[in-house]
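So the structure is just underneath, and the comments pick up after that.
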Amino acid sequence: MTEVDVFNGDADGLCGITQLRLAQPKQSAVVTGVKRDNALLMQASLSGVSQVTVVDISLHTNLDALNKALASGCKVEWFDHHHPGEIPKHTNLTAHIDTDPNVCSSLIINAHLNGQFQNWAIAAAFGDNLDQSAQELAASGTLSRKSIAVLKELGNCINYNSYGESIEDLHYHPEELCYLMRQFDEPLSMVAETEVLQVLKSYYAEDLGRARKILTQIVNDDVAIAVLPNEKWGRRINGIYANELANNFPKRAHALLVEKENGYTVSIRAPKSNPTNAQQVALKFETGGGRHAAAGIQHLPNDQLIRLTEALTRQYFSS
Ligand SMILES: [Mn+2]
């Protein structure tokens, strides 16, 4: 009997599969990747596989692969919080999906396991930027404030590790982290007994320090952009730095660009004071998409940079 675990390489995916494998150890194969890589089930080779466990990737994005797996007689258990589209009705599919904005996959798994490995879920919720949910869950236990702060750092750092265009950009392959993490019932023990958190913390600070030195170009009172170089650190930190700029200048819209061949990848953040329509700006471009507060463009050709600043200005310039 062959089993496969498929999970996002971010904190939520990793802490989710960690809880499941602590509760039920298995010699399953592993399929994971960078955070942006969410069509993972399509990449898994499932011939002869009898059971797949999926964590923190969208069912909608992976529907074709799911239908194929179910048709081949494979059992699938799915834990996620992204919009699933229509969930296939099939006796071989067990779906634990909740799109409540205060819930992440690791919190769904924590409830499923009756809080057995709750501190992993708390770290994941911090990593998925659900501070309030994380704090509430933490308050239900006996953690000190210091321990809660460590779980927050751990979640944020594992999440930071998942950003990049490809695995080569990351410090740790998420697969390596998943095998390390399941050796610890308790994430605070992993922090005490391994160097992972210290290593990630120092790279995180280094990447962010480099980004902060890049000049922010003020387009007008309401719009600013910054261009990061085509280097590993730029590809890792652009989304996190975009969030920092959005927090520090809440009335301004931002576009964070990372240079690449013949163009840029773009992270767009609506002003915190008016967190709407970032996706409207992004959708004006062929490879754009996203949500109201945060959106992105996969490939912005060099000659369309002016079009982008014009679109941002039309959307957000108020005076
Ligand atoms: Mn998630």
Q. Too long at a 23 Å Cα-Cα cut-off: which of 232/272; 35/89; 152/260; 35/260; 146/213; 35/201?
A. 232/272; 35/89; 152/260; 146/213
(Q) What whole-number distance in Å separates the alpha-carbon centres of the range 13-77 and the range 230-272? (A) 30
Q: Hydropathy first: keep DSSP H helices in the chain averaging at least -0.5 on Kyte-Doolittle, then drop any whose Cα extent along the axis falls short of 15 Å, and list what survives.
A: 11-23, 145-161, 196-213, 305-316
Q. Of the listed peptides 247-260, 281-294, 111-124, 137-150, what is their order by residue-averaged count of other C-beta atoms within 10 Å, with the highest listed first?
A. 111-124, 247-260, 281-294, 137-150
Q: For residue 291 paired with residue 87, estimate the spin-label separation in nm (one decimal), with each label point 7 Å from Cα along the Cα-to-Cβ line.
A: 2.0
Q | Spacing of the two label points (7 Å from each Cα toward its C-beta) at residue 208 and residue 272, in nm | A | 1.4
Q.
Skipping prolines and chain starts, which residues have an amide H placed within reach, meaning under 5 Å, of the one on residue 96, given they are 5 or more residues away or on another chain?
A. 78, 79, 80
Q) Taking K and R as +1 and D and E as -1, what net charge do the other residues with C-beta under 13 Å from the C-beta of residue 187 add up to? A) -2
Q: May I ask you to order 182-190, 54-62 by the average number of other C-beta atoms within 10 Å around their residues, highest value first?
A: 54-62, 182-190
Q: Give me 104, 157 ranked fewest to most by other Cβ atoms within 10 Å of their Cβ, as a rough exposure proxy.
A: 157, 104
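A short reminder: the numbers here are calculations on the coordinates, not readings from a lab. No experiment lies behind these values; they were computed from the predicted model shown. Note: ideal-geometry Cβ built from the backbone for every residue, glycine included; neighbour counts use all protein chains shown.
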